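Report on the following structure.
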Amino acid sequence: MNEYQSELDLSIIIPAYKEAYKIEQDIRAAADFLATQGLAGEILVVDDGSPDETAKRAKALEADFPALRVLSYEQNRGKGYALRHGITHSRGKNVMFADAGLCVPYDIALIGLTMVNLRMCDVAMGSRRMRGSILRQQPLYRRIGSKVYGWVIHTIMGVPWYISDTQCGFKIYRGDVARRLYTLAFTDGFMFDIEIILRSLGEGYRILEFPVLWSND
């Protein structure tokens, strides 16, 4: 099926590494979100070579959730690789990824989805630094590290200052945009966010942020 003719409203990608004790709640929350909002969608759990039972426990839920697909491979490759693997296998008109652990409630995605559907932007990124965001249980060392990292990516790597939070694991894309960007990407580790942002801007795609309710996992 051509991606522009997809009957799926939304693909939810959940990258997972050693999340055996959390993955069920993530899958149930994603499925509840699709059902509550009346969205035809799919949930793609990408097990990034976990040594625990992440993939096994996720696969055990496939019979209960027809929208669920579990993708896995043996070697741990990094979050960037996991997302690239999941997004390039996605079929939705829109694509979002959410970190395992429910750091951000799924209903917050409605803000970003509205922005993308109204063509206000091509990429809507959750931000923990925007006015209106609420952060819970944020350790001091993470706050300090985040500020240092932010300075580096803006002053050295060229990320525009209007992008306040590159690392929040809650992002929404137009499906065609996501698949193009991640097909071209090559960063396997945590710096993948920076590559995707810079590629987006280089391709002329519009990026906007939206506030989130965020709890430390």
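Quick note: the coordinates plus some simple rules give every number you see, no bench work behind them. Treat the numbers as computed from the prediction; the structure is a model and nothing was measured. Don't worry about glycine lacking a Cβ; one is built from the backbone with ideal geometry, like all the others, and counts go over all protein chains shown.
Observations, loosely collected:
- Straight-line reach from Lys56: taking Cα to Cα under 12 Å and skipping same-chain neighbours fewer than 8 places apart, the aspartates and glutamates in range are Glu19, Glu24, Asp47.
- Take 65-77, 118-130 and order them by the average number of nearby Cβ atoms within 10 Å per residue, most first; the result is 118-130, 65-77.
- Annotation: lysines with alpha-carbon distance below 22 angstrom to Lys93 (same-chain offsets under eight excluded): Lys171.
- All lysines inside 19 Å of Lys59 as judged from Cα atoms, apart from same-chain residues fewer than 8 positions distant: Lys18, Lys22
- Rounded to 5, percent antiparallel among DSSP beta bridges of the range 3-215: 25 percent
- Close amide-amide hydrogen proximity is noted between Asn94 and Leu10, Ser11, Gly175, each under 5 Å apart and 5 or more residues distant or on a separate chain (H modeled in the peptide plane; Pro and chain starts excluded).
- Taking 0.36 nm per residue of sequence separation and removing the Cα-Cα distance, the Trp161/Leu118 pair yields an extension gain of 13.1 nm.
- The range 164-188 and the range 19-45: distance between their alpha carbon centers, rounded to Å: 20 Å
- Three-way shape call for the range 3-215 based on the alpha-carbon gyration tensor, with the a/c threshold at 1.5: rounded
- Near-label residues of the range 30-69 by backbone N, under 12 Å of a point 7 Å along Cα→Cβ of Asn76: 48-52
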